[in-house]
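Here, each number is a calculation from the coordinates, and none is a lab measurement. Because the structure is predicted, anything quoted here is derived from the model rather than measured. Cβ placement follows ideal geometry from the backbone for every residue including glycine, while neighbour counts extend to all protein chains displayed.
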Amino acid sequence: MDLLVTARSKEQENTDYLGFDAHGLTLSIDMSNGSGRPEAPRRARIVVRNDNLHLWSGVIHVECSFPKNNPRFFLPAFMYGRNRGEYPQNVLNEYPRLRAGGLNRPSSPEWMTRSDRLSHPVALVYDTGKVYGFSASPYFIVHHGTKLPWKPEEAGEFYQYTGFTCSLAKGTVGYTLGYEHAPWQFIKSKLVKEREPIGENGFELQPGETVAFDLDVFEYEAEAEQGVNAAIEEVYYRYYQQPRAASDAKTTVADLANAISQYAWLPEVSAYSGQVFEAAEGYRYNPILSLSWTNGMSVATPMLMAALRLGDDTMRQQALACIDNIVEHSLNPATGLPFDAFKDGEWCIQGWWFDGVHTAGHSSYLIGQALFYILKAYEYEKRLKGCMHESWLTFAESAIRRLEGTKNTDSEYPYILSEKTGAGLEYDSFSGTWCMAALAYYSWLTGDRTHLRSLRESERHYYETYVQPMQCYGGPLDTDKAIDSEGILAYVKAVRYMHAMTGETIYLTHMREAIDYEFSFKFCYNSPIKLPPLSRIGWSSCGGSVTSTANPHIHPMGSNLVDELLYYVNHSEDNYVRNRMNDTIAWGCQSYNTFDGEFDYGKKGWMSERFCHSEGLLTQTYEDGAIASTWFCLMPWASSCIIEGLAGDLWDVEKVKEAEELSY
């Protein structure tokens, strides 16, 4: 890979990046030996000096070029392949896309962004059997008056974020001192800013000042896009920081579950409120009642798990009432499938996301997920309480069998199904993996192998089409099929039960590859947060997963994968997965109010879904209008993701540890 270093000064009227001679800067590059493999990258030592007699301020850009053929770019949590830039983009929700040619928002042939939009400080590209790219520090610090690239072992005061870039036009990935958001900055999918002049984001060099930094340069062979994960794993270890210690797993389950039970239960509808806000008169509720995803089964089953673990019968009765209500009343008789939402006193398909999709109908994402969690509730009641809820099993079995008849010739489940007939209306989406997960769970739970061949065919399709090329899209319904981290959770759960059922190594292999994809969205270090309350608390980004390339914030859905990570570790002794599982656990234990008002709102145990680690999604404000870095409300689905991860198989592991410690 060749290196090209250019700069753009704060005083420039244009946006061109020019050679150093035009700026009065000098440059030296020293390239060390190395194989280019992830474990032994070449190291480029770059030194820049300001030879002017005045202050220089701007952005310094280092680009690494590669032999361009058919590049697929990977800037973790920001760019996957081309972020579906090849697809039609007349969408409601915008997000960065790579597309050759000129600017055509939201597509551009190149992108520049601040480093904390990436979960790992690494820019990679897969092209024709090889991986190219580099890793470099995500921000600079000042130590004894000298600007230094941050490393976990370095002490110093935060100075400034760096930036990362990618160019389809030139065939480069890049790194910047200072940073730009170009050609646009996506605060959220419906709030996009034009490129702004270089201001405080410029890197300053005093007359005669020198700055030095390193790039670890990768170049190695790989069979597919997944080859980038080997470099991401190495970067994890290089920049790793532990999450903040705040609470333990069992206390966290109790705190979160008690808060939901006390403040979010709506007995008149046998459901939990989707949001709970503090108000002058007490509390204000936004029910947003759904079958699953942001309410419904995604809350009820974790709450049932917590109730069984804690021995809380009131909590258990609430969860049972919610599940029974869904099983008894949500079914659409025309399709044999449950409706997606409850609105204006009736079950329907018009959930809060309805106007954000392009086809009206049942959602396989919600249906498949609801069926999975009904089965999980069934298993836990049977295993921990000795209670058999045959109506739950019958409900799930009937819907699963109907869903099997809707798959297309690729063995893919629909994205949207007809409300009138249950027929598949729209495909091209990873969301149907929840249906696959429900079938795999049902088959393992009951021993019924009737649909095993069909299950294998679906798994092969989803793996080859979405997982292997690392382009999983169409999970959440509010992103216009942006690349996301949510759908992979269902796939991981599915292959877990396929491996448990068959013992075939291929499913454990696919499980690890899917876990790697999820880890690419999961922060490996603690990004310096600039706004309260997260900045004040010292909240940690490490262990939290960015939701999608369209919704640039960290949310807790990835925490519901702890059972599966534990399963994989127990069948592989994989320390990398073990370490990242522990990060996930610790992240959840520090992301809620451990006392009233800790996050500047709410009661003990309250937790929202939104943690704004970067400039993305910064739209929440305090009463005085100041920008806040979180959402000020209790959101039970978010808390429940943490509960599910901590009250599952991990709970039993912790019990064994406690017994061993006591005996010792």
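So here's what we get for this one:
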quantity: Whole-Å semi-axes of the stretch 270-349's equivalent ellipsoid (Cα gyration tensor); calculated: 23, 19, 9
quantity: For the chain, with +1 on Lys and Arg beta carbons and -1 on Asp and Glu, the positive-most of Tyr285, Tyr17, Ser485 along the dipole; calculated: Tyr17
quantity: Cα centroid of the stretch 457-496 to Cα centroid of the stretch 1-72, whole Å; calculated: 36
quantity: Neighbourhood charge, 13 Å Cβ-Cβ cut-off, centred on Trp265 and excluding it, Lys, Arg +1 and Asp, Glu -1; calculated: -1
quantity: Ranked by how many other beta carbons lie within 10 Å on average, peptides 535-547, 50-62 from highest; calculated: 535-547, 50-62
quantity: Burial order of peptide ranges 144-150, 428-434 (average beta-carbon count within 10 Å, highest first); calculated: 428-434, 144-150
quantity: Among Ala586, Leu191, Gly648 - extreme Cα towards positive end, dipole of the chain, charges at beta-carbon; calculated: Leu191
quantity: Per-pair calculated FRET efficiency, R0 = 51 Å: Thr505 and Glu110 via Cβ, rounded to 0.05; calculated: 0.80
quantity: Semi-axis lengths (Å, descending) of the ellipsoid that matches the C-alpha gyration tensor of the stretch 361-477; calculated: 25, 16, 13
quantity: Furthest towards positive pole of dipole, Phe632, Ala399, Val299, structure part the chain, Cβ charges; calculated: Ala399
quantity: The stretch 516-601 - Kirkwood radius from inverse mean 1/r over Cα pairs (Å); calculated: 13.8
quantity: Mean Cβ count within 10 Å, highest first, over the residues of peptides 332-339, 179-186, 291-298; calculated: 291-298, 179-186, 332-339
quantity: Stretchable slack from Asp652 to Cys348, in nm (0.36 nm times residue separation minus alpha-carbon distance); calculated: 105.6 nm
quantity: Charge tally in the Cβ shell below 14 Å around Phe372, where Lys, Arg are +1 and Asp, Glu are -1, Phe372 excluded; calculated: -3
quantity: Thr619-Lys68 FRET efficiency (beta carbon distance; Förster radius 25 Å; 0.05 resolution); calculated: 0.10
quantity: Net dipole in debye of the chain [+1 Lys, Arg Cβ; -1 Asp, Glu Cβ; about Cα centre; nearest 20]; calculated: 480
quantity: Descending principal axes extents, the stretch 2-239, alpha-carbon based, whole Å; calculated: 51, 41, 31
quantity: Per-residue [θ]222 nm for the chain (sum of -39500 (n - 2.57) over DSSP H runs n ≥ 4, rounded to 500); calculated: -9500 deg cm²/dmol
quantity: Kirkwood Rh in Å, taken over all unlike Cα pairs in the chain; calculated: 25.6
quantity: Summed side-chain charge close to Ser527 - residues other than Ser527 whose Cβ falls under 13 Å, Lys, Arg +1, Asp, Glu -1; calculated: +3
quantity: Cross-link reach list, lysines versus Lys420, counting only Cα pairs under 20 Å and skipping chain neighbours closer than eight places; calculated: Lys343, Lys407
quantity: Counting all C-alpha pairs of the stretch 547-664, share separated by more than 21 Å (%); calculated: 47
